[in-house]
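The values are calculated or read from the model by the stated rules, or taken from the named source; none is laboratory data. Note that the structure is a prediction, hence the values are computed from the model and not measured. Please note: Cβ atoms are built from the backbone with ideal geometry, for glycine as well, and neighbour counts cover all protein chains shown. Keep in mind that these areas ignore ligands, DNA and RNA; they rest on the heavy atoms of the full protein, side chains included. Shrake-Rupley method; radii C 1.70, N 1.55, O 1.52, S 1.80 Å.
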Amino acid sequence: MGNKKINICGTNVHPGEIANLALPLPEQYSCAPLYMPIKVINGSKGGPCLVVFSGLRGNELNGLEIANRVFKLIDANQVSGTIITIPVMNVYGLTHYPATLPTGSDLERCFPGNEKGSYGERIAYLITEEIFKKADYCIELQTGALNHNILPQVYCNFDNKKAKELAKIFRSPVVTNVSLEGNHLRQTTEELHIPLLVYQAGEAMRFDENAIELGVNGVKNVMRYIDILEKEPVHEVKPIFSREEEWVIAHKGGILHSKVNLGQTIDNGEIIGTISDPFGADLVEPIRSFQKGVVVGINTAPLIHEGLAIFKIASFLDDDKAETIIEEWDKKQPDSYIG
């Protein structure tokens, strides 16, 4: 079955064509134009439309690289359906780092958008109307926050059966349930009946080649599963499912010395780090885990203020199985995440 043309930003992309488009964004006070890069592969054969996007905060460099590599690696002649990649959604956030939007709010909170609303709401409206309403599936590519390194994992709404199945196909070591409450972007895709996966790995403003490679392969795994690309035999990875993740918060300031690594299994009450006085006083406060689980996030900054998030712990229904699966996955990585 032949494919159909797709119209984005007033431009028709015909079957078999590849297009690099630029979506005009709301004006700044300088009147300098800003454009959102949109890359489209419209296959000659019919099929679903997959949107792969990153840069919602503007600092997710791993996601930017994954989106660009996916676009470069795909041959339009092999595509059944349409692939839309957006390396940076929040162009203002990238070009004005560390600011995210002129109003100081997060772009995620601006969805589904308003044509006559704030700067962020106008961008969200354009994305919803021009991109999301054409999509059958969406993959968002994230990193952790600045100085917060995250073990590669996929987030999805476990109540959405399609999204949960796609999360397994992505083949990251961990799949974590997320609530729709408070996340306006996820609520928007859910209301549009679009299964959404969120791949998160590494930390903001840094490249992590392992995280990038896993992300590229994961996106291609999903493309094969939904028949955008021809299926290929792949090594099966059975992810572990997590329903709860929580950050350990620093109760005093000082210098953080971590005693654990990403992917390490820990026990309830185990000492996972210490905070010491930077001026040489003997006082050292141990940091203990509040539950048994796996370390999926670490604050990599040595200087810690009171109240900062320092370790992210995921709990699983079967911790022994979780430890085995993460160890097997880690052995396959070129450079181990686990020290």
Sort Leu141, Leu94, Leu303 from largest to smallest accessible area, using a 1.4 Å probe on the heavy atoms of the protein chains. Leu303, Leu94, Leu141
Just to verify a number: what accessible area does Cys31 come out at with the full protein assembly present, 1.4 Å probe, Å² rounded to tens? 90
Please report the antiparallel percentage of the DSSP beta bridges confined to the chain, to the nearest 5. 65
Can you list the HN-Hα couplings for region 245-258, worked out from phi with the Karplus curve (6.51, -1.76, 1.60; θ = phi - 60°), rounded to whole Hz and with x for Gly and Pro? 9, 8, 7, 7, 9, 6, 9, 8, x, x, 9, 8, 10, 7
To the nearest 500 deg cm²/dmol, what mean residue ellipticity at 222 nm is calculated for the chain from DSSP H runs of n ≥ 4 alone, each contributing -39,500 (n - 2.57), summed and divided by the residues? -7000 deg cm²/dmol
The set of residues whose placed amide H lies less than 5 Å from the amide H of Ile8, leaving out same-chain residues fewer than 5 positions away, is Val13
Using modelled amide H (1.01 Å from N, peptide plane; none on Pro or chain starts), what sits under 5 Å from the amide H of Phe316, excluding residues fewer than 5 places away? none
Label-point separation (nm) for Tyr35 and Ser276, each offset 7 Å from Cα along Cα-to-Cβ? 5.4
Which loop-located trypsin sites (Lys or Arg not before Pro) does region 161-221 contain, where loop means any DSSP state but H, G, I, E or B and the Cβ has at most 16 other Cβ atoms within 10 Å? Arg206
Let me check against my output: what whole-number percent is the relative contact order of region 10-96, with C-alpha pairs under 8 Å and at least 6 apart? 35
Can you work out ³J(HN,Hα) from phi for every residue in region 18-35, in order, using Karplus 6.51 cos²θ - 1.76 cosθ + 1.60 and θ = phi - 60°, giving whole Hz and x for Gly and Pro? 10, 9, 10, 10, 9, 8, x, 9, x, 6, 8, 5, 7, 6, 5, x, 10, 10
For a quick check of understanding: with a 1.4 angstrom probe and all protein chains in place, what accessible area in square angstrom does Ile249 have, to the nearest ten? 70
Mind checking Rg over Rh on region 139-246, alpha carbons, Kirkwood formula for Rh? 0.95
Can you give the relative contact order of the chain as a percent, counting alpha carbon pairs under 8 Å and 6+ residues apart? 14
Excluding ligands, DNA and RNA, what is the solvent-accessible area per residue of region 15-101 at a probe of 1.4 Å, expressed in Å²? 38
Separation of region 3-73 and region 165-184 by C-alpha centroid, Å? 23
For the chain, which whole percent of the accessible surface, found with a 1.4 angstrom probe, sits on carbon and sulfur atoms? 49
In the full protein assembly as shown, how much of Thr128 is accessible to a 1.4 Å probe, in Å² to the nearest 10? 10
Residue-by-residue Karplus 3J(HN,Hα) for region 85-101, coefficients 6.51, -1.76, 1.60, Hz, glycine and proline x: 10, 10, x, 9, 7, 9, 5, 4, x, 5, 7, 10, 3, x, 5, 9, 9
Quick one: go through region 18-48 and flag any residue whose amide nitrogen is under 18 Å from the point 7 Å out along the Cα-to-Cβ line of Lys116. 26-27
Taking a 1.4 Å probe, which of Tyr29, Tyr92 shows the most accessible area, and what order do the others take after it? Tyr29, Tyr92
Considering amide H positions built from the backbone, and no H for Pro or chain starts, which residues 5 or more places from Ser242, or on another chain, come under 5 Å of its amide H? Val175, Thr176, Asn177
Scoring only Lys, Arg, Asp and Glu (+1, +1, -1, -1) among other residues with Cβ under 14 Å from the Cβ of Val40 yields +3
